[in-house]
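A.B. asks: Let me give you the structure first, and then I'll get to my questions.
Read-outs throughout are calculated quantities, based only on the coordinates presented, and are distinct from any laboratory measurement. As the structure is a prediction and not an experimental result, all values here were calculated from the model. Glycine also receives a Cβ, built like all others from the backbone with ideal geometry; neighbour counts cover every protein chain displayed.
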Amino acid sequence: MSNTTTRSEPPAATPYGTLPPASPPAQRKPVSLPRLADMHARGEKISMLTAYDATFAAMADAAGIDCLLVGDSLGMVCQGLASTVGVTLDTMRYHTDSVSRGLRRVQGTAWLIADLPFGSYQESREQALRSATMLMQAGAHMVKLEGGGWTTETVRFLVERGIPVCAHLGLTPQTVHALGGYRVQGKGDAGALLKQQAHALQDAGATMLVLEMVPAALAAELTTELKQCATIGIGAGKGTAGQVLVLHDMLGINLGRMPKFVRNFMADASSISEALAAYVRAVKDGSFPDDQLHAW
């Protein structure tokens, strides 16, 4: 009788950085709207990052990220555009599909949000519905659109038709030319209008609200007031219900000047996976952002 020990074969290598075969079912439950609402109600911070491709989506999911945003920031990060204005709906569909496939391949649990790009929802509510449908069919669980005022009825129209919506107030990059540049929004008397718009968006059915580059005190007030809509801050202080950063920024991959609200998580990490996990921990335990360093 042979006394040799049978060894299991190592997993086959995958070429060109492709994802490995699907892993066993994840232990974490998939993130859903009810779960996000429960996190908001309990005060558990919601972690979010942008993702534009399958590999980074899978890596962020493995790090425990709650939400992934296929942001139109890909225009600047991936395409080399000067702003997000030139990003098309077809481009957003392509990247949403890529991120969605990356999550499916590893049986990921992250909630997937996709930006409606400039020009894809301004014409009419019906245009917004067609655009949102395209991104949902590509794998998004929720769509995001920018601005208050007239967008409120668009939000209501989409929500009534079963499409979850994330709103976006403060610095809205799609209208950066009208705003006069990348400046803090909601200071002084302008804060009252921003609060009014936020409440109107919640009443219209938005269940998530990105607050970008608004005073920390204003963002904290809104977070307390909005019971049915979780605020996600970027340059809005630590008082929001969650945080989001552009993936490349938090990894220190930035060809320009790093925004004030960014922390480079690669600086103290030995790998990208370690940096992603550190970001999730820092958001969850409240150590990021630091209002003295990353907010106004």
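A.B. asks: If you average the C-alpha positions of segment 148-203 and of segment 39-97 separately, how far apart do those two centres end up, in angstrom?
C.D. replies: If you average the Cα positions of each part, the centres end up 19 Å apart.
A.B. asks: Let me ask you something else. Looking at segment 124-233, which chymotrypsin sites (Phe, Trp or Tyr not before Pro) are in a loop (DSSP not H, G, I, E or B) and have at most 12 other Cβ atoms within 10 Å?
C.D. replies: Numbers: sites: Trp150, Phe157, Tyr182; in loops: Trp150, Tyr182.
Here the chymotrypsin sites (Phe, Trp or Tyr not before Pro) that fit, given the DSSP loop and packing criteria, are Trp150.
A.B. asks: For the modelled label position 7 Å from the Cα of Glu160 along Cα-to-Cβ, which residues of segment 187-205 have backbone nitrogen atoms closer than 18 Å?
C.D. replies: Inside the label zone: 200-205.
A.B. asks: Which peptide among 62-75, 126-139 comes first, and what is the full order, when sorted by highest mean count of other Cβ atoms within 10 Å? It would help to have the intermediate numbers written out before the result.
C.D. replies: Numbers: 62-75: 24.5, 126-139: 18.6.
Averaged packing, sorted descending, gives the order 62-75, 126-139.
A.B. asks: Filter the cross-link list Lys144/Lys187; Lys144/Lys284; Lys45/Lys238; Lys195/Lys260; Lys238/Lys284 down to pairs whose alpha-carbon distance in this structure exceeds 18 Å. Each step should come with its number before you reach the end.
C.D. replies: Values: Lys144/Lys187 24 Å; Lys144/Lys284 23 Å; Lys45/Lys238 10 Å; Lys195/Lys260 24 Å; Lys238/Lys284 11 Å.
The answer is Lys144/Lys187; Lys144/Lys284; Lys195/Lys260.
A.B. asks: Helix 33-42: angle to the longest alpha-carbon principal axis of the chain, degrees 0 to 90, nearest 10?
C.D. replies: Helix 33-42 sits at roughly 70 degrees to that axis.
A.B. asks: Report the gain in length on full extension from Lys260 to Glu126: 0.36 nm times residue separation, minus Cα-Cα distance, nm rounded to one decimal. Walk me through the numbers before you get to the answer.
C.D. replies: Working: separation 134, 0.36 × 134 = 48.24 nm, distance 3.79 nm.
Taking 0.36 nm per residue and subtracting the Cα distance, the gain is 44.4 nm.
A.B. asks: Obtain the radius of gyration and the Kirkwood radius of the chain from its C-alpha atoms and give Rg over Rh. It would help to have the intermediate numbers written out before the result.
C.D. replies: Working: Rg = 19.6 Å, Rh = 19.6 Å.
Expressed as Rg/Rh, it is 1.00.
A.B. asks: Then there's this: Given the Cα-Cα distance of Leu293 and Lys227 and 0.36 nm per residue of separation, how much length would full extension add, in nm?
C.D. replies: Details: separation 66, 0.36 × 66 = 23.76 nm, distance 2.78 nm.
Contour length minus the Cα-Cα distance gives 21.0 nm.
A.B. asks: Another question, if that's okay. Once fully extended, how much extra length lies between Gln79 and Arg183, figured as 0.36 nm per residue of separation less the alpha-carbon to alpha-carbon distance?
C.D. replies: On the way: separation 104, 0.36 × 104 = 37.44 nm, distance 2.33 nm.
Net length gain for the segment: 35.1 nm.
A.B. asks: Now, a different point. Out of the trypsin sites (Lys or Arg not before Pro) in segment 23-101, which ones are loop residues according to DSSP with at most 13 other C-beta atoms within 10 Å?
C.D. replies: Numbers: sites: Arg28, Arg35, Arg42, Lys45, Arg93, Arg101; in loops: Arg28, Lys45.
Of the trypsin sites (Lys or Arg not before Pro), the ones in loops of segment 23-101 whose Cβ has at most 13 other Cβ atoms within 10 Å are Arg28.
A.B. asks: Listed highest first by mean packing, meaning other Cβ atoms within 10 Å per residue, what order do 46-56, 221-231, 166-176 come in? Intermediate results must be reported in sequence, preceding the final value.
C.D. replies: Working: 46-56: 24.1, 221-231: 19.2, 166-176: 22.5.
Averaged packing, sorted descending, gives the order 46-56, 166-176, 221-231.
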